[in-house]
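Trainee: Quick one: this structure, given as structure tokens, is what I'll be asking you about.
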Amino acid sequence: MFIRTSVALLVGMLALSQAQPRAGAHASLSPAEAVTAIGMTVSDMDKALAFYTSVLPFRKVSDAEASGREQELLTGVFGARVRTVRLALGDEAIELTEFKAPAGRAYPADTRGNDRWFQHIAIIVSDMDRAYAWLTSHGARHASTGPQTLPDWNPNAGGIRAYYFRDPDGHFLEVLWFPQGKGDPRWRRLGEAAEKPLFLGIDHTAIVSGDTERSLRFYRDTLGMRTAGSSTNYGVEQEHLNNVFGARLRITTLKAATGPGVELLDYLAPGDGRPAPADLKANDLAHWQTTISTRGLDAIFDLAPRRVFSLVSPQPVTTIDAGLGFKRGVLVRDPDGHGVRLVER
């Protein structure tokens, strides 16, 4: 369901060129090259690793501890000392970050699926029944009432099976199964391979958006991501999946050139989702960050006055830790407060 790819990229590039406030100030920010990792803050790294590498089959790629001015600027947390572990599943990666100092706030226990700090990753499975049995037998907490099959009346989502659960810190995760003709064809190929692994990789990260058009001005028009699909989902199955009574969502999927997608969840109903805390920090467990590689990173500061995102890092940070996988980075927040780390590799 990849639609109007070249048009979306052209619109994004045009918007960026028009956004430069003065000729020659900085190089333009190029369209997003890749979503390279999806990160979350954890309270206890060893406990989190036990879950992500035993209950889920992620494999460790790197493990590093860092502190100093670089980390303060990159995270927006004064006095930051962090341990960051990069984990891979298939071709995709997540980053777990534990703040050794200063500790942040716990994940809000009353978080609902339509609150605007909500975010999850969607892990593709080859067999939903087996995945559900495995997760429940290993103590994963329900967030959905159980696996849901989306109804056939919805042409874009009919037949998809999905289930939400939670990690030890309360972060929401999803396992997702696509029927024939739905989703990226590579998931079908991987699911039908001779070894047929149960957990295949990460399809996307989903974030709650308070206004789709406003979010598109950031992800599509500013970062140059392309619109890859959309649907309107509602009904009892969707309610039980999201655990939100009366849920009716406008869903829009965006893609960079490579890597997982970013899925916007705009709750048309109910309208009582709460905004992200204005003082949300990277050391709070509700903090997630989607890392997107691009070029012309200095241009982000010329684009900031457009008010479609807010700066956390006051300047691009040149990293000295090769384990992070990039040379320069900056942390910003999207219109709803979701963390986005823009990097040059």
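Trainee: Across the range 259-295, what is the total count of residues that are outside any loop (DSSP other than H, G, I, E, B), under 22 Å from Leu173 (Cβ atoms) and over 14 Å from the mean Cα position of the chain (by Cα)?
Mentor: Of the residues in the range 259-295, 2 are outside any loop (DSSP other than H, G, I, E, B), under 22 Å from Leu173 (Cβ atoms) and over 14 Å from the mean Cα position of the chain (by Cα).
Trainee: Moving on. Gly224 passes all but one of (1) surrounded by fewer than 18 Cβ atoms within 10 Å (Cβ to Cβ); (2) out of contact with any strand residue (DSSP E or B) (no Cβ under 8 Å at 6 or more places or on another chain); which number fails?
Mentor: Single failed check for Gly224: (1).
Trainee: If the requirement is being at pLDDT 95 or above, surrounded by 17 or more Cβ atoms within 10 Å (Cβ to Cβ), in contact with a Gly (Cβ under 9 Å, 6 or more places away or on another chain) and not in a loop (DSSP other than H, G, I, E, B), which of these qualifies: Gly229, Gly201?
Mentor: It is Gly201.
Trainee: Does Ala162 meet the test of being farther than 27 Å from Ala286 by Cβ, out of contact with any Cys (no Cβ under 8 Å at 6 or more places or on another chain) and of a type in the set (Gly, Ala, Ser)?
Mentor: Here the answer is no, as Ala162 does not meet what is asked.
Trainee: Would a scan of the range 70-81 turn up a residue that is of a type in the set (Ser, Thr, Tyr) and closer than 25 Å to His138 by Cβ?
Mentor: no
Rundown of residues vs (1) under 21 Å from the mean Cα position of the chain (by Cα); (2) assigned to a strand (DSSP E or B), yes/no style:
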| position | (1), (2) |
| --- | --- |
| Glu72 | no, no |
| Arg83 | yes, yes |
| Glu98 | yes, yes |
| Arg105 | yes, no |
| Ala109 | yes, no |
| Trp117 | yes, no |
| Ala122 | yes, yes |
| Tyr132 | no, no |
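Trainee: Could you list all residues from the range 45-70 that are in a helix (DSSP H, G or I) and either more than 26 Å from Val175 (Cα to Cα) or more than 17 Å from the chain's Cα centre (by Cα) (or both)?
Mentor: Hits for the range 45-70 are Met45, Asp46, Lys47, Ala48, Leu49, Ala50, Phe51, Thr53, Ser54, Val55, Arg69, Glu70.
The values are calculated or read from the model by the stated rules, or taken from the named source; none is laboratory data. Only a predicted model underlies this, so the values are computations on that prediction, with no experimental measurement involved. Positions of Cβ are generated from backbone atoms using ideal geometry, with glycine treated the same way; all protein chains shown enter the neighbour counts.
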